[in-house]
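Input: a single structure, listed below in structure tokens.
All of the numbers you see were taken from the coordinates with simple rules; none came from a lab. All values derive from a computational prediction rather than experimental measurement. Backbone-built Cβ (ideal geometry, glycine too); neighbour counts: all protein chains shown.
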Amino acid sequence: MLTTVAEIQKLLRNANEDEFAALERSLVADTRKGVRNAVDAARRRLSAERAERDRLAGLYRFERELAGSDDAVIVGLDEVGRGPLAGPLAVGAVVLPRGLVIEDLNDSKQVKPARRDQIAAQIESEALASAVFYVSPEEIDKDGMTASLRRGFRGALEAVESQGVMPDVVLVDGNPLHMDEREVNVVKGDAKCASIAAASILAKSKRDALMCELAKEYPHYGFDVNKGYGSPQHIEAIRQHGLCALHRRSFCRSFAQESLF
């Protein structure tokens, strides 16, 4: 029989829903403050866990509804790096196997970096196919962002197909790109569809790692911290040192010196 508050707290911290229901009934007459607080904390924890399970299930259910078939092969596509002043545009593509549920899967911006890298590693290990396709700063400057997005999404899709996986449905985050007849566009799809969220996380993890490596070659700009985005420190570094080979010159005209390493 449980007698101490510490014993009760320990059980409540680890209880699943059925165990909590039994504990709650047995503790209904226990008025000790530590016990009541522990019961409330366990109730909140289980409610949050239930909400997270429902959110994850919704990601998978929604994309199946879009596909119109439980048997359809779905690839999710998402881009990372549209707005930075430096570095490539990265487009991720992921085909998830049926039955795989990835904990914490979400829009990459909503996942902490360490957990994001763990999820990216799981995606690479367990996905039916996955790829990240890069569009260089030079291509972005030459062709503009709309054409670069089409090139990136098409390249990522072709990389998946080269692995022997032929999607029936191509889920694309954002507005229509008209790059494939199988294309289905989902605004804010990285928060609605499991495959798009996975593509977002994979692209973000890979691009961030690339920018950290490139920071060693171009140490003035803090690419390991800003990942190429226009932070005040990055803009000041451009003013002091000019542009390097990683910069998108068309993005930097308002404050850049016309120099190049």
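DSSP loop (so not H, G, I, E, B), at most 14 other Cβ within 10 Å: list which GluC sites (Glu not before Pro) in the range 181-261 pass both filters. Display every interim value, and only then the final one.
Working: sites: Glu181, Glu183, Glu213, Glu217, Glu236, Glu258; in loops: Glu181, Glu258.
The qualifying sites are Glu181, Glu258.
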Within a Gaussian network of the chain (alpha carbon springs, distance under 10 Å), most fluctuating of Val39, Val73, Val225: Val39
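Normalised by the residues of the range 74-213, what does the relative contact order come to in percent, with Cα pairs under 8 Å and at least six apart?
39
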Computed Rg/Rh of the chain, alpha carbon atoms with Kirkwood Rh: 1.13
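Show that you can apply the helix-only estimate: for the chain, add -39,500 (n - 2.57) for every DSSP H stretch of four or more residues, divide by all residues, and state [θ] at 222 nm to the nearest 500.
-16500 deg cm²/dmol
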Pairwise centroid distance, computed over Cα atoms, of the range 21-43 with the range 188-237, Å: 45
Sites Arg55 and Ala22 - FRET efficiency at Förster radius 30 Å, r taken between beta-carbons, to 0.05: 0.65
Segment Gln110-Ala159, extension gain: residue separation times 0.36 nm, minus the distance between their alpha carbons: 15.0 nm
Inter-label distance, nm, simple model (7 Å from Cα along the C-beta direction), Gln233/His220: 1.7
Charge dipole (debye, nearest 20) of the chain; +1 at Cβ of Lys and Arg, -1 at Cβ of Asp and Glu: 1020
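What does the charge count near Ala48 come to, summing +1 for each Lys or Arg and -1 for each Asp or Glu among other residues with Cβ under 15 Å from its Cβ?
Taking every other residue near Ala48 into account, the sum is 0.
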Filtered trypsin sites (Lys or Arg not before Pro), the range 166-261: DSSP coil and at most 10 other beta carbons within 10 Å: Arg253
Relative contact order (%) - criterion: Cα under 8 Å, at least six apart; region: the chain: 22
Of Lys112/Lys188; Lys188/Lys216; Lys192/Lys216; Lys112/Lys192; Lys33/Lys109; Lys112/Lys142, those spanning more than 29 Å from alpha-carbon to alpha-carbon: Lys188/Lys216; Lys192/Lys216; Lys33/Lys109; Lys112/Lys142
Label-point gap, in nm, between Arg249 and Leu11 - each point 7 angstrom along Cα→Cβ: 7.2
Between helix 194-217 and the chain: long-axis angle, C-alpha atoms, 0 to 90°, nearest 10: 60
Coarse-grained scattering of the range 74-213 at q = 0.16, 0.18, 0.19 Å⁻¹, given as base-10 log I(q)/I(0) from a Debye sum over alpha-carbon atoms: -0.73, -0.94, -1.05
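Could you tell me which trypsin sites (Lys or Arg not before Pro) in the range 44-145 are loop residues by DSSP with no more than 15 other beta carbons within 10 angstrom of their beta carbon?
Passing sites in the range 44-145 are Arg82, Arg98.
Around Lys192, with a cut-off of 11 angstrom between Cβ atoms, what is the net charge of the other residues, counting Lys and Arg +1 and Asp and Glu -1?
-2
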Which of Asn14, Gly242, Asn37, positive extreme of dipole for the chain (C-beta unit charges): Asn37
Positive-end residue of Leu202, Pro113, Leu171, charge dipole of the range 74-213 with Cβ unit charges: Pro113
